[in-house]
Amino acid sequence: MHLPRHVNERELTERLTRFEIETPSWGYADTGTRFGKFLQDAAARNLDEKLADAGQVHRYTGCCPTVAVHVLWDFPVGSDSSEVAQRAAKQGVRIGSINPNVFQDQCYKYGSLGNRDPAIRQRARRHILDSVELGRRVESNLLSLWFADGTNYPGQANIRQRKRWFQEELKTVHDAMPPHMRMLVEYKPFEPAFYHTDIADWGMACGFARRAGPRAKVLVDTGHHLPGCNIEHIVAYLIDEQMLGGFHFNDRKYADDDLTMGSIDPYQLFRIFHEITAAEFELGRDLEIAYMVDQSHNLKPKIEAMIQTVMTAQTHFAKVLLVDHKALAEARARDDIIAAEGILVDAYQTDVRPLLAEYRRSRGLAEDPLAAFRESGYVERAARERAVGKSREGASYA
Ligand code: PSV
Ligand code: MN
């Protein structure tokens, strides 16, 4: 593909190659809404099948070498967690972020680290510390924390007191992590709590992370913002504060919809990536950011949806790599808003499909990973094997 003069082809290719995306184990399993769960014959039934499916995504895209795991969903009590790193390697992937689960057990009805009962707080802390240990065993270096804690009614709880419990507990966990491990603190404005959520926005996540310690950073889940929120501004701010640790990518129309990344507002995705690559251009180095997908496809076929997601991510990342940062700085210096905006729009409107096809071909990958995967017959084979014994009864959301 003919590249604009300001783009260095080698640098672009190298940056694309360093852009890796983690896929979530829970994106390969049957999931649903609180109203029901629609099963797919080919959906993974256990960790090994999830790793195999993630391995397929990596095999066809070449940029998804790690898989996020959710502790209770992937390591149910009593399950064998030994040799998971080797089992992942067999599928061509590694274990990525560890996601403790302190929201689904009955004891967490009124919260986990924010629960007024010290025994429950201790139980939640224990589970997270066990997850740190699990991370060590499966060779992960990322602890990703999301809490469902919050309240539904004014007056229900002492918000300031809960904040202090969170502060204390997060610091304890931070200090217990092995030196190579990082902690990511995720925020969400509402759901499941509908009045107040203990870590409701990026500012709170940033405050908690700062107090926890230097290896704690903020995790931005793109679906966790109120309508109209300028997410790229948050991203830029956190980068400048050296507090941006990672992303959970997905798209939304209303709230935490878990729709495919870039399916609703692809320009937003471009704007988010632009803030990152613009900062990298200034700094002259890559930022340490964990790019992760957090999507559960209830209706789309799961592996295909994940490949589609990853291709969308790569497409938009390639587009921001075309931005002419020098010309942008010059336009800004003249207060030429039309030109400055035009530089972004030019890059956004460039058709990077030929560039990506060439890039993939040069790495021995299929030009169109989605088409190649579809042709492979993997889903049909998985459906034949996995549908057997899959109960059609009791498909309500567990
Ligand atoms: C919560 O909505 C969330 O975004 C957290 O990251 C959880 O770990 C994940 O979804 C579970 O699907
Ligand atoms: Mn998330």
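The values are calculated or read from the model by the stated rules, or taken from the named source; none is laboratory data. This structure is a prediction, so every number in the text was calculated from the model and none was measured. Counting neighbours? That spans all protein chains shown, and the Cβs are built from the backbone with ideal geometry, glycine included. What goes into the accessible areas is simple: the full protein's heavy atoms, side chains included, and nothing from ligands, DNA or RNA. Shrake-Rupley method; radii C 1.70, N 1.55, O 1.52, S 1.80 Å.
At a glance:
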{"quantity": "Placed amide H near LEU142: partners under 5 Å, 5+ positions off or other chain", "calculated": "ILE98, ARG182"}
{"quantity": "Extension gain from ASP105 to GLU282, taking 0.36 nm per residue of separation minus the Cα-Cα distance", "calculated": "59.1 nm"}
{"quantity": "Low-density loop cleavage sites - trypsin sites (Lys or Arg not before Pro) in segment 302-389, where at most 12 other Cβ are within 10 Å (DSSP)", "calculated": "ARG334, ARG363"}
{"quantity": "Entries of LYS37/LYS217; LYS50/LYS188; LYS188/LYS302 with Cα pairs more than 29 Å apart", "calculated": "LYS37/LYS217"}
{"quantity": "Relative contact order, percent, the chain [alpha-carbon distance under 8 Å, six or more residues apart]", "calculated": "19"}
{"quantity": "Local electrostatic count, HIS174, Cβ distance below 14 Å [Lys/Arg +1, Asp/Glu -1]", "calculated": "+4"}
{"quantity": "Neighbour net charge for GLY262 - beta-carbon separation under 12 angstrom, K R +1, D E -1", "calculated": "+1"}
{"quantity": "Under Karplus coefficients 6.51, -1.76 and 1.60, residue-wise ³J(HN,Hα) of segment 41-46 in Hz, glycine/proline x", "calculated": "4, 8, 4, 5, 9, 8"}
{"quantity": "Over segment 282-398, relative contact order from alpha-carbon pairs under 8 Å, at least 6 apart, %", "calculated": "22"}
{"quantity": "Segment 5-51: relative contact order in percent, alpha carbon pairs under 8 Å with at least 6 residues between", "calculated": "30"}
{"quantity": "Amide proton proximity set for ALA290, modelled H, under 5 Å, gap of 5+", "calculated": "GLY246, PHE247"}
{"quantity": "Antiparallel %, DSSP beta bridges [both residues in the chain], to 5", "calculated": "15"}
{"quantity": "Under the Karplus curve 6.51 cos²θ - 1.76 cosθ + 1.60, θ = phi - 60°, whole-Hz ³J(HN,Hα) for segment 244-259, x wherever Gly or Pro sits", "calculated": "8, x, x, 10, 10, 8, 5, 10, 8, 9, 10, 8, 8, 7, 6, 6"}
{"quantity": "Selection of GluC sites (Glu not before Pro), segment 182-288, meeting DSSP coil and at most 16 other Cβ within 10 Å", "calculated": "GLU241, GLU288"}
{"quantity": "Phi to ³J(HN,Hα) by Karplus 6.51 cos²θ - 1.76 cosθ + 1.60 over segment 315-323, Hz, x for Gly, Pro", "calculated": "4, 6, 5, 4, 4, 5, 6, 8, 5"}
{"quantity": "Radius 15 Å from Cβ of GLU304, net charge of other residues (Lys, Arg +1; Asp, Glu -1)", "calculated": "0"}
{"quantity": "Choice from ALA333, ALA43, ALA371 showing the highest fluctuation, given a GNM over the chain with Cα pairs closer than 10 Å", "calculated": "ALA333"}
{"quantity": "Angstrom value of the Kirkwood radius, inverse mean 1/r, which spans all Cα pairs in segment 104-231", "calculated": "14.9"}
{"quantity": "GNM result for the chain, Cα springs below 10 Å: residue of GLY262, GLY78, GLY36 fluctuating most strongly", "calculated": "GLY78"}
{"quantity": "Accessible area (Å², per residue) of segment 257-362, counting only protein heavy atoms and a probe of 1.4 Å", "calculated": "45"}
{"quantity": "Accessible surface of segment 187-272 [probe 1.4 Å, protein heavy atoms]: carbon and sulfur percent", "calculated": "55"}
{"quantity": "Highest-fluctuation residue, GLY246, GLY223, GLY155 considered, GNM on the chain with Cα pairs under 10 Å", "calculated": "GLY155"}
